[in-house]
Amino acid sequence: MTIQRICCMGAGYVGGPTMAVIADRCLDVQVTVVDLNEQRIAAWNDADLSRLPVYEPGLDAVVDRARGRNLHFSTDVDGAIADADMVFISVNTPTKARGLGAGQASDLRWVEACARQVAKSARGHTIVVEKSTLPVRTAEAIRTILEAAQAPLAEGEAPRTFAVLSNPEFLAEGTAIRDLETPDRVLIGGEDDSSIDALAGVYGQWVPGERILRTNLWSSELSKLTANAFLAQRISSINSVAALCENTGADVREVARAIGTDSRIGPKFLQSGPGFGGSCFQKDILNLVYLCRHFGLPEVADYWESVVHLNTWQQHRISRLVVQRLFGTVTGKRLAILGFAFKADTNDTREAPAIRIAHDLLEEGAQLAIHDPKVESAQISRDLRQDAEVPDAGTGMTAKTLSGQGAWWAAGSVEQAVAGADAVLILTEWTQYRTLDWKDLSARMRRPAWVFDARAVADPNQVRAAGLTLWRVGDGAQ
Ligand code: UDX
Ligand code: UDX
């Protein structure tokens with residue numbers, strides 16, 4: 001079976017870039033990305049490519065080449081499903097907020113809704129591909145829904161048939177296009193060879209055959225959770241060592257280099273920082289924890305849960321030490337937060353460490369000037385659940401300053417953010433923060449002034465030469 005028409009449900013950080021690359025690489029395949037969110041689809045169709053809803057380096061060029069040719073963005077979900085011989089489900093699966101498994105299990109209501117919509121609108125034979133990260137054995141639920149719907153839609157039509165595949169996405173935000181164009185591997189889990197071959201045929205147009213791994217459905221689903229759990233575990237491991245370094249005079253970067261050169265350990269994902277964020281790591285681990293408990297494996301559940309605990313602790317540890325160094329109080333003090341996205345090169349703030357750290361500092365009554373090159377003020381406001389204040393142009397005070405309540409506002413530049421500040425916190429490793437003119441910034445701050453570099457991107461010598469007191473994550477020499 002050769003795939004000619006693909007429909008992808010969900011035009012988010014995963015669905016959008018993935019489909020754009022498939023369309024770019026497979027000229028014979030018509031790809032339609034659908035979403036319930038009309039605004040989002042309108043943004044994907046915007047003639048101004050700088051306004052795509054997802055910021056990813058290189059994405060605009062790919063969309064520019066393929067859009068209108070064989071890449072389409074639409075809100076006609078039923079129409080796109082009816083036309084497609086393969087439907088990707090790429091909708092969000094957040095952690096459940098309430099009910100059974102609240103705080104750990106994934107909320108599958110949107111995935112189920114997608115399966116029901118496919119059941120309603122598909123024609124002929126349709127291969128349904130799970131792209132969203134899902135708990136193990138979700139494919140079974142999808143298949144049951146689809147199997148209940150095999151009757152023909154109209155009299156005289158052939159019965160409708162379905163196959164289900166798992167094809168987890170391993171792209172990381174910020175490098176999505178590169179990860180999609182040259183993946184380490186593509187994983188396809190399924191039960192029947194012809195469906196697996198059909199999807200392998202799509203990827204095979206640009207991915208070398210030996211990088212396309214085939215497994216059964218359950219292995220594929222579990223591999224995605226496990227891959228993310230292992231990656232997150234490395235970050236919690238190195239962050240735990242960072243705390244020890246700070247107390248013993250060691251430097252976590254030296255330790256990371258020393259252990260990373262052991263080929264069995266490898267150098268990647270050993271960067272200590274303010275803890276991991278992003279839509280996947282915490283959610284997937286909690287999912288794994290829930291599954292382990294469900295299957296009667298409490299020790300295994302506790303083991304993975306500790307990775308998340310350590311991460312939360314690291315974030316609170318940083319906000320606590322900022323308060324401690326600033327003489328035990330930040331009430332009414334101005335702090336510049338540089339970086340709000342969960343990592344560089346994305347406008348995504350889901351689970352960003354900056355949210356928890358900023359929140360802690362607001363609780364303490366701090367006045368935060370937040371700068372991020374890509375995150376919009378409205379997003380920060382939603383994340384902090386607090387509206388921005390307008391600081392007085394002369395005094396830099398907000399209505400809340402005198403009452404001791406925490407306040408924040410978005411700064412248009414780093415210079416604006418640090419003006420009059422007691423401290424600078426670097427929370428995202430944006431390239432522009434690596435080359436800041438610390439002498440100039442220092443002159444704009446109130447003395448004594450601190451730099452808390454949670455990403456270790458600033459040049460320590462320049463910061464100190466500018467008369468600033470520096471704290472760097474994992475640096476025991478300070
Ligand atoms: C999401 C999940 O977070 C991740 O676990 C999974 O692997 C892939 O899907 P992402 O693409 O980053 O990742 O999510 P998001 O940017 O929220 O996009 C999901 C899109 O689906 C949204 O645009 C939403 O409007 C859309 N959606 C959701 C539908 O079109 N229909 C629905 O029923 C639900
Ligand atoms: C991750 C996985 O890498 C990807 O395969 C999966 O499909 C989705 O989840 P993503 O969340 O986009 O991707 O970004 P990633 O680069 O993995 O970073 C996650 C978090 O870990 C970020 O907050 C990042 O700053 C942090 N991180 C990463 C570190 O703190 N140190 C490191 O060494 C690496």
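The values are calculated or read from the model by the stated rules, or taken from the named source; none is laboratory data. Treat the numbers as computed from the prediction; the structure is a model and nothing was measured. Note that we place each Cβ from the backbone using ideal geometry, even for glycine, and neighbour counts take in every protein chain shown.
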Going residue by residue through the stretch 277-298, is there one that turns out to be in the same structural domain as VAL418 (by TED's automatic domain parsing), within 30 Å of TRP438 (Cβ to Cβ) and within 14 Å of ligand 2 (Cβ to nearest atom)?
yes
Residue selected from the stretch 299-312 under the condition more than 16 Å from the chain's Cα centre (by Cα) and within 14 Å of ligand 2 (Cβ to nearest atom), by the criterion nearest to PHE342 (Cα to Cα)
THR312
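Would you call ALA43 in a helix (DSSP H, G or I) and either on the phi > 0 side of the Ramachandran plot or surrounded by fewer than 14 Cβ atoms within 10 Å (Cβ to Cβ) (or both)? Spell out the reasoning first.
On the way: in a helix (DSSP H, G or I): yes; either on the phi > 0 side of the Ramachandran plot or surrounded by fewer than 14 Cβ atoms within 10 Å (Cβ to Cβ) (or both): no.
Judged against the criteria, ALA43 is not a match.
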Over the stretch 48-77, the set of residues within 12 Å of PRO17 (Cβ to Cβ), within 16 Å of ligand 1 (Cβ to nearest atom) and assigned to a loop (DSSP other than H, G, I, E, B) is LEU52, PRO53, VAL54, TYR55, GLU56
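Just to be sure before I move on: is ILE142 more than 14 Å from ligand 1 (Cβ to nearest atom), of a type in the set (A, V, I, L, M) and within 27 Å of the chain's Cα centre (by Cα) in the structure I sent?
On the way: more than 14 Å from ligand 1 (Cβ to nearest atom): no; of a type in the set (A, V, I, L, M): yes; within 27 Å of the chain's Cα centre (by Cα): yes.
Considered against the rule, which asks whether it is more than 14 Å from ligand 1 (Cβ to nearest atom), of a type in the set (A, V, I, L, M) and within 27 Å of the chain's Cα centre (by Cα), ILE142 comes out as no.
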Answer residue from the stretch 397-455, given it is in contact (Cβ under 8 Å) with a residue 24 or more places away in the chain and basic (Lys, Arg) and is nearest to GLU173 (Cα to Cα) among those:
ARG455
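Looking only at the stretch 323-348, how many residues end up being surrounded by fewer than 23 Cβ atoms within 10 Å (Cβ to Cβ) and not hydroxyl-bearing (Ser, Thr, Tyr)?
12
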Selected residue (only one of PRO17, PRO57 is exposed (fewer than 14 other Cβ atoms within 10 Å of the Cβ), within 16 Å of ligand 2 (Cβ to nearest atom), closer than 21 Å to THR349 by Cβ and in the same structural domain as LYS131 (by TED's automatic domain parsing))
PRO57
Looking at SER279 and the list (1) touching a strand residue (DSSP E or B) at 6+ places or on another chain (Cβ under 6 Å); (2) hydroxyl-bearing (Ser, Thr, Tyr); (3) within 16 Å of ligand 1 (Cβ to nearest atom), which single condition is not satisfied?
(1)
Just need a number here: residues in the stretch 382-418 that are within 21 Å of SER442 (Cα to Cα), at pLDDT below 95 and of a type outside the set (Gly, Ala, Ser).
3
Within the stretch 257-289, which residues are over 22 Å from LEU171 (Cβ atoms) and touching a residue at least 24 places away in the same chain (Cβ under 8 Å)?
SER272, PRO274, VAL289
Take the residues in the stretch 154-193 that are among the small types (Gly, Ala, Ser) and more than 20 Å from ASP83 (Cα to Cα), then tell me which one is surrounded by the fewest Cβ atoms within 10 Å (Cβ to Cβ).
ALA172
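Pick out the one residue from ASP372, ASP453, ASP392 that is more than 16 Å from ligand 1 (Cβ to nearest atom), acidic (Asp, Glu) and over 18 Å from ALA341 (Cβ atoms).
Criteria check complete, one pass: ASP392.
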May I ask you to list the residues in the stretch 76-120 that are more than 13 Å from LEU36 (Cα to Cα) and among the hydroxyl-bearing types (Ser, Thr, Tyr)?
THR93, THR95, SER106
Would you be able to tell me the number of residues in the stretch 357-374 that are touching a helix residue (DSSP H, G or I) at 6+ places or on another chain (Cβ under 9 Å) and either in a loop (DSSP other than H, G, I, E, B) or within 12 Å of ligand 2 (Cβ to nearest atom) (or both)?
4
The lone condition GLN150 fails out of (1) touching a Ser or Thr at 6+ places or on another chain (Cβ under 9 Å); (2) free of Cβ contacts under 8 Å to residues at least 40 places away in the same chain; (3) within 16 Å of ligand 1 (Cβ to nearest atom) is (3)
For ARG109, indicate whether it is surrounded by fewer than 19 Cβ atoms within 10 Å (Cβ to Cβ) and more than 22 Å from the chain's Cα centre (by Cα).
no
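Scan GLU112, GLU130 and give me the residue that is of a type outside the set (Lys, Arg) and either touching an Asp or Glu at 6+ places or on another chain (Cβ under 7 Å) or free of Cβ contacts under 8 Å to residues at least 40 places away in the same chain (or both). Show your work before the answer.
Values: GLU130 fails: either touching an Asp or Glu at 6+ places or on another chain (Cβ under 7 Å) or free of Cβ contacts under 8 Å to residues at least 40 places away in the same chain (or both).
Exactly one of GLU112, GLU130 is of a type outside the set (Lys, Arg) and either touching an Asp or Glu at 6+ places or on another chain (Cβ under 7 Å) or free of Cβ contacts under 8 Å to residues at least 40 places away in the same chain (or both), namely GLU112.
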Residue under evaluation ILE380, criteria (1) assigned to a loop (DSSP other than H, G, I, E, B); (2) more than 16 Å from ligand 1 (Cβ to nearest atom); (3) touching a Ser or Thr at 6+ places or on another chain (Cβ under 8 Å); (4) in contact (Cβ under 8 Å) with a residue 24 or more places away in the chain, criterion not met:
(1)
